[in-house]
Amino acid sequence: MFSEMLRGRAVITAYGYYAPARRRVHTAVDEQAGAEAMTARYTALMFTVGDIFGAAALALVVGAAVTWGDAWGLQLGQVVTFSSSSASFSSR
């Protein structure tokens, strides 16, 4: 759209086509900005939802290990090591 406007400058000037050309450029810019804003909101939402599910899964595993760890042969140190190592892997 923008390259079309730059190449068509002489025609726009010759025929006085300023208002429609300006309107088309502004419409294209507004549509692009709207699409980028929607993409940013979607991306922010997906990362947040992923973090929430990851934290819930980790809490569930640690809670189960603390509750039934003795029966499974787990020690508290093993659970703490697992939770800290999984947190460091998820931040990379």
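Bear in mind that the values in this text are calculations on the coordinates, not laboratory data. On a predicted model such as this, the values are computed, not experimentally measured, just so you know. All Cβ positions, even for glycine, are placed from backbone atoms using ideal geometry, and neighbour counts span all protein chains on display.
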* To do: Check segment 38-59 and report whether any residue there is more than 29 Å from the chain's Cα centre (by Cα), of a type in the set (A, V, I, L, M, F, W, C) and surrounded by 11 or more Cβ atoms within 10 Å (Cβ to Cβ).
  => no
* Structure fact -> Pairing a residue in segment 55-73 that is farther than 15 Å from Ser85 by Cβ with any residue that is loosely packed, with under 13 Cβ neighbours inside 10 Å and among the hydrophobic types (A, V, I, L, M, F, W, C), where Cβ atoms lie under 9 Å and the two sit 6 or more apart in sequence or on different chains, gives Ala64/Trp72; Val66/Leu76; Gly69/Leu76
